[in-house]
1. Of all residues in the range 1-18, count the ones that are open to solvent by 40 Å² or more (accessible area, probe 1.4 Å), in a helix (DSSP H, G or I) and either without any contact (Cβ under 8 Å) to a residue 24 or more places away in the chain or within 15 Å of L79 (Cα to Cα) (or both).
2. Could you check D50 against (1) closer than 24 Å to K102 by Cβ; (2) modelled with pLDDT of 90 or more; (3) surrounded by fewer than 16 Cβ atoms within 10 Å (Cβ to Cβ) and say which number it fails?
3. Against the condition open to solvent by 30 Å² or more (accessible area, probe 1.4 Å), under 28 Å from R8 (Cα atoms) and hydroxyl-bearing (S, T, Y), how does T85 come out, does it pass?
4. Which of (1) touching a residue at least 40 places away in the same chain (Cβ under 8 Å); (2) in contact with an Asp or Glu (Cβ under 7 Å, 6 or more places away or on another chain) does K99 not meet, given it meets every other one?
5. Identify all residues within the range 94-113 that are surrounded by fewer than 18 Cβ atoms within 10 Å (Cβ to Cβ) and over 16 Å from the mean Cα position of the chain (by Cα); write none if there are none.
6. Given the conditions (1) open to solvent by 90 Å² or more (accessible area, probe 1.4 Å); (2) assigned to a loop (DSSP other than H, G, I, E, B), which single one is not true for S41?
7. For the condition at pLDDT 95 or above, touching a Ser or Thr at 6+ places or on another chain (Cβ under 7 Å) and not polar (S, T, N, Q), what is the one hit in H114, H94?
Amino acid sequence: VCPLCRSRPESSHHILVACRYSKRLWGLVAVWASIPQADPSRWVTATVRDWWLSMGTLEGVPGCGFRSLLLLVNWELWLERNARTFKRAEWPVHILLFKIKKEARTWGFAGAKHLSALLEGA
């Protein structure tokens, strides 16, 4: 059972692409980063690989910056999954978004210039 939404069997595809919790998070990320193409309602993928390739090459979206954002969001989803699994601790999706925003700023200070440029003004 998925620790994020407590439904379907856990898989990488489910956690990153199909999970209700992940989709809510990605919807909020799409609005925050002003990237409507990142909204889950627009996704049509069967595998994580398909999803990664389609998300990493969105038309009109700077590739390097958005791929960094993909990595950051996926990492935070994985950390949330692990916290729920091993520590019995969980955060609502809006708190996880806050953590992602904070971490994105940290990555920018550390030199992730493409991510910073993507999120400029966000």
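The values are calculated or read from the model by the stated rules, or taken from the named source; none is laboratory data. What you see is a predicted model, and the numbers here were worked out from it, not measured in a lab. FYI the Cβ positions are ideal-geometry reconstructions off the backbone, even for glycines, and counts take in every protein chain you see. Calculation scope for accessible area: heavy atoms of the full protein, side chains included, ligands and nucleic acids excluded. Shrake-Rupley method; radii C 1.70, N 1.55, O 1.52, S 1.80 Å.
1. Final tally of qualifying residues: 1.
2. (1)
3. yes
4. (1)
5. Across the range 94-113, the qualifying residues are T106, F109, A110, G111, K113.
6. (2)
7. Unique residue meeting the criteria: H114.
Table: residues versus (1) outside any helix (DSSP H, G or I); (2) touching a Cys at 6+ places or on another chain (Cβ under 9 Å); (3) under 15 Å from A33 (Cβ atoms).
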{"position": "L53", "(1), (2), (3)": "no, no, no"}
{"position": "E59", "(1), (2), (3)": "yes, no, no"}
{"position": "F66", "(1), (2), (3)": "no, no, yes"}
{"position": "L71", "(1), (2), (3)": "no, no, yes"}
{"position": "W75", "(1), (2), (3)": "no, no, no"}
{"position": "W78", "(1), (2), (3)": "no, no, no"}
{"position": "R81", "(1), (2), (3)": "no, yes, no"}
{"position": "T85", "(1), (2), (3)": "no, no, no"}
{"position": "A89", "(1), (2), (3)": "yes, no, no"}
